[in-house]
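Q: This is the structure I want to talk about, given as structure tokens.
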């Protein structure tokens, strides 16, 4: 249900873009979903694994093979942490750790077979990620004294390989592009002050659906 | 259609503003769960005059929390904190800690994980004792890992580390473990000196001028000179002439003039009186094996009680003659105040009597508690005591049965000779009792109640003060203040000013180092 709504949103945004006077044949806008890799055991307090993201991206053709790409996505990760020792403070409720992220990326994509429907490609991106960590040990009370918040920035880059499908839909007079991409990223840790550091980096996954103008 | 698109775009904008930190706390992103087997902080905090210290077991850190609302991690040069003890000077904290090293010359191995990947056998934890004041590391020194208890001189200049086997969860040592030594610590330099004192030493007394330490071990008592840099042994007393006889000291105290050490022996009716000046031992024959002793300085006498005998013995300190006084019920514990000894029974029995014995004239005053005593505390000025009583088998009388089944707080008037006391039934188990410095009232915490009870010791009237969260413990802080620890995962302590009845909560201090993943090795053992 959620993905259906998101699809409607994507189409709506893309239709708005179609109406824009700035459109050009090698310009694309996409709705994308991704997974940002993490590293370190301390991510267990946030549920472990990577960070799911959702966002928008765009590309502009530089030549037949090379596209300038940029994107913005948001995501989050969080867990309820239970304390299993009944004799320690807070064992009844534990605490919640929640991380929200916003990622901005920009780079280049090389389309290997630009005239084909199925297009293998490679990409290189620079990335900046803003993380906002929140800790709360009493969710029932809105004015709980232990609502702790810390933000941090991480910068890095990623390399990816993927494949795209491009095809025209005559009824709406548009060409769509669907991509799936995997890769690897390196980035500085999210340095959360006294709380410690969270490692960003590792595997990357990204899928998108967009329209070409 | 256009309106719908704009709404959706607005929703995206809202998401972006949430990312920017403008969102509320109602909808935190929580999509999984995790289990942690340790507390983020240890609520057995230690108070000094300017703040409190708390261990952070998950992060392995030590945190310093002050009433101005600030907290900071104490830099122990990479060591993890195992145990903390406050010195009597009100400023010094002793920290038993350990830091990780890797037994290799490979400079690429920098973290614990590096060392474990290289060879788990090479990872070594070095035990240290750290001296901390006002949140700053002052000095450190190596110490054997098995020491788990400390005794301090009254001026806080020296401490003695020893093994209290009754509190030893796990004894860590490599190779050989020497159980015949204790370690003297100079709290200015943190220099440590091992002194052989006998097997299983677990009781240390200090003379009134803090120039001598009396160390009690199995079948042996050793007097150590604290004024010598090498902690010379001045004299040794053998408690048994036959090495086959193991004499285990049970309780010991010095007389007010510091000349004699009086000690009882486990399971023996012999009372040992060691003359520390003339190096002699006198054995006083008692009617049975004492359960507890207390030395009272105004009357200059020692009181002794027995587990099963309804009797208290009063011993003067000139000739050590014994005066026996019969009681209605046995007492097995003694609290000493100026001019009196308070006798009570905390065994799992049905005894209700508490006695005040005035040591100068042997005047005995009986107090009858509603329920058996669980704990007893005497107010600083000695005019009142507060007893926490526990539930017992219910009486047939409905009202008595109601009280019998519950905990209670009883305030004893120690000035009255009529055994006056005020009994109050408690809604739940009392978890903390403390007195104001002027002894006007007692502060009481009850389990599960988010209030602090302020009980006037003269009238017994209790005032209820709202707390910010469920309390876990209560302790004295600073000149005339208190601290209250709360049942809060991320750390919460309230500082209480009794003059204004105001609380200053300080929270979030248990989050320091929470997300530190890689623990670094300590490459050198240089002292600060």
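Q: Do we have residue A:74 as over 26 Å from residue B:56 (Cβ atoms) and more than 7 Å from chain B (Cβ to nearest Cβ) here? Spell out how you get there, then give the answer.
A: On the way: over 26 Å from residue B:56 (Cβ atoms): yes; more than 7 Å from chain B (Cβ to nearest Cβ): no.
Judged against the criteria, residue A:74 is not a match.
Q: Could you list, in sequence order, all residues of region A:132-162 that are assigned to a strand (DSSP E or B) and within 11 Å of chain B (Cβ to nearest Cβ)? Can you show your working first?
A: Step one: of region A:132-162, the residues assigned to a strand (DSSP E or B) are A:132-136, A:147-162.
Scanning region A:132-162 gives A:132, A:133, A:134, A:135, A:136, A:147, A:148, A:149, A:150, A:151, A:152.
Q: Separate question: Given A:88, A:128, A:36, A:29, which one is outside any strand (DSSP E or B), at pLDDT 90 or above, surrounded by 14 or more Cβ atoms within 10 Å (Cβ to Cβ) and within 14 Å of chain B (Cβ to nearest Cβ)? Full working, then the answer.
A: Values: A:128 fails: outside any strand (DSSP E or B); A:36 fails: outside any strand (DSSP E or B); A:29 fails: outside any strand (DSSP E or B).
After ruling out the rest, the residue left standing is A:88.
Q: Just checking, does region A:177-186 include any residue being buried (at least 21 other Cβ atoms within 10 Å of the Cβ), closer than 30 Å to residue B:62 by Cβ and more than 8 Å from chain B (Cβ to nearest Cβ)?
A: No: region A:177-186 contains no residue that is buried (at least 21 other Cβ atoms within 10 Å of the Cβ), closer than 30 Å to residue B:62 by Cβ and more than 8 Å from chain B (Cβ to nearest Cβ).
Q: While we're here: Can you pull out every residue in region A:59-70 that is in a strand (DSSP E or B) and either in contact (Cβ under 8 Å) with a residue 40 or more places away in the chain or crowded, with 23+ Cβ neighbours inside 10 Å (or both)? Write out each step before concluding.
A: We begin by selecting, within region A:59-70, every residue in a strand (DSSP E or B); these are A:59-61, A:66-70.
Correct list: A:59, A:66, A:67, A:68, A:69.
Q: Another question about this same structure. Among B:452, B:521, B:446, which is away from chain A (no Cβ under 13 Å) and in contact with a helix residue (DSSP H, G or I) (Cβ under 9 Å, 6 or more places away or on another chain)? I'd like the intermediate steps shown before the answer.
A: Details: B:452 fails: in contact with a helix residue (DSSP H, G or I) (Cβ under 9 Å, 6 or more places away or on another chain); B:446 fails: in contact with a helix residue (DSSP H, G or I) (Cβ under 9 Å, 6 or more places away or on another chain).
B:521 is the lone residue from the list that is away from chain A (no Cβ under 13 Å) and in contact with a helix residue (DSSP H, G or I) (Cβ under 9 Å, 6 or more places away or on another chain).
Q: Still on this structure: Does region B:481-496 contain any residue that is modelled with pLDDT under 90 and part of a loop (DSSP other than H, G, I, E, B)?
A: Looking for residues that are modelled with pLDDT under 90 and part of a loop (DSSP other than H, G, I, E, B), one finds none in region B:481-496, hence no.
Here is a yes/no grid of residues against (1) assigned to a strand (DSSP E or B); (2) within 23 Å of the chain's Cα centre (by Cα); (3) at pLDDT 90 or above; (4) farther than 25 Å from residue B:58 by Cα:
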residue: B:82; (1), (2), (3), (4): yes, yes, no, no
residue: B:85; (1), (2), (3), (4): yes, yes, yes, no
residue: B:89; (1), (2), (3), (4): no, yes, no, yes
residue: B:99; (1), (2), (3), (4): yes, no, yes, no
residue: B:104; (1), (2), (3), (4): no, no, no, yes
residue: B:113; (1), (2), (3), (4): no, no, no, no
residue: B:125; (1), (2), (3), (4): yes, no, no, no
residue: B:146; (1), (2), (3), (4): no, yes, no, no
residue: B:150; (1), (2), (3), (4): yes, yes, no, no
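Q: For residue B:5, all conditions in the list (1) at pLDDT 85 or above; (2) surrounded by 14 or more Cβ atoms within 10 Å (Cβ to Cβ); (3) within 7 Å of another protein chain (Cβ to nearest Cβ) hold save one; what is the number of the exception?
A: Among (1) at pLDDT 85 or above; (2) surrounded by 14 or more Cβ atoms within 10 Å (Cβ to Cβ); (3) within 7 Å of another protein chain (Cβ to nearest Cβ), the lone unmet condition for residue B:5 is (1).
Q: Here is a further query. Would you pick out the residues in region B:212-230 that are at pLDDT below 90, part of a loop (DSSP other than H, G, I, E, B) and under 25 Å from the mean Cα position of the chain (by Cα)?
A: B:218
Q: Report whether or not residue A:49 is within 9 Å of another protein chain (Cβ to nearest Cβ) and either surrounded by 19 or more Cβ atoms within 10 Å (Cβ to Cβ) or not in a loop (DSSP other than H, G, I, E, B) (or both).
A: Working: within 9 Å of another protein chain (Cβ to nearest Cβ): yes; either surrounded by 19 or more Cβ atoms within 10 Å (Cβ to Cβ) or not in a loop (DSSP other than H, G, I, E, B) (or both): no.
No; evaluated as a whole, the condition is false for this residue.
Q: How many residues does region B:466-492 contain that are without any contact (Cβ under 8 Å) to a residue 60 or more places away in the chain and exposed (fewer than 15 other Cβ atoms within 10 Å of the Cβ)?
A: Residues meeting the conditions: 2.
Q: Of the residues that sit in region B:246-268 and are assigned to a loop (DSSP other than H, G, I, E, B) and over 23 Å from residue B:318 (Cβ atoms), which one is modelled with the highest pLDDT?
A: B:268
Q: Also: Of everything in region B:76-123, what is closer than 30 Å to residue B:478 by Cβ, surrounded by fewer than 16 Cβ atoms within 10 Å (Cβ to Cβ) and out of contact with any strand residue (DSSP E or B) (no Cβ under 6 Å at 6 or more places or on another chain)? Give them in sequence order.
A: Correct list: B:90 only.
Q: Quick one: count up the residues across region B:271-283 that are surrounded by 16 or more Cβ atoms within 10 Å (Cβ to Cβ) and in a strand (DSSP E or B). Please lay out each step first, then the result.
A: The first filter runs over region B:271-283 and keeps only residues surrounded by 16 or more Cβ atoms within 10 Å (Cβ to Cβ), leaving B:271-274, B:276.
If we keep only those that are in a strand (DSSP E or B) as well, we get B:271-274.
Looking only at that region, the number is 4.
Q: I've got another one for you. Can residue B:231 be described as over 20 Å from residue B:150 (Cβ atoms), surrounded by 19 or more Cβ atoms within 10 Å (Cβ to Cβ) and in contact with a strand residue (DSSP E or B) (Cβ under 8 Å, 6 or more places away or on another chain)? Let's see the steps before the verdict.
A: Values: over 20 Å from residue B:150 (Cβ atoms): no; surrounded by 19 or more Cβ atoms within 10 Å (Cβ to Cβ): yes; in contact with a strand residue (DSSP E or B) (Cβ under 8 Å, 6 or more places away or on another chain): yes.
No, not satisfied.
Q: Out of (1) in contact (Cβ under 8 Å) with a residue 40 or more places away in the chain; (2) under 18 Å from the mean Cα position of the chain (by Cα); (3) surrounded by 16 or more Cβ atoms within 10 Å (Cβ to Cβ); (4) within 14 Å of chain A (Cβ to nearest Cβ), what's the single condition that is false for residue B:44?
A: Here residue B:44 meets the rest and fails (3).
Q: Would you check if there is a residue in region B:502-512 being away from chain A (no Cβ under 14 Å), more than 25 Å from residue B:425 (Cβ to Cβ) and either touching a helix residue (DSSP H, G or I) at 6+ places or on another chain (Cβ under 9 Å) or part of a loop (DSSP other than H, G, I, E, B) (or both)? Quick ask: steps written out before the conclusion?
A: The initial filter retains those residues of region B:502-512 that are away from chain A (no Cβ under 14 Å), namely B:502.
Filter once more, so that each one left must be more than 25 Å from residue B:425 (Cβ to Cβ): B:502.
Those still in the list that are either touching a helix residue (DSSP H, G or I) at 6+ places or on another chain (Cβ under 9 Å) or part of a loop (DSSP other than H, G, I, E, B) (or both) too: none.
So far as region B:502-512 goes, no, none of its residues is away from chain A (no Cβ under 14 Å), more than 25 Å from residue B:425 (Cβ to Cβ) and either touching a helix residue (DSSP H, G or I) at 6+ places or on another chain (Cβ under 9 Å) or part of a loop (DSSP other than H, G, I, E, B) (or both).
Q: If only one of A:191, A:151 is touching a helix residue (DSSP H, G or I) at 6+ places or on another chain (Cβ under 9 Å) and closer than 26 Å to residue A:39 by Cα, which one is it? I'd like the intermediate steps shown before the answer.
A: Working: A:191 fails: touching a helix residue (DSSP H, G or I) at 6+ places or on another chain (Cβ under 9 Å).
Within the list A:191, A:151, the selection yields A:151.
The values are calculated or read from the model by the stated rules, or taken from the named source; none is laboratory data. Predicted model, so just to flag it, every value in this text is computed and none were measured. Please note: Cβ atoms are built from the backbone with ideal geometry, for glycine as well, and neighbour counts cover all protein chains shown.
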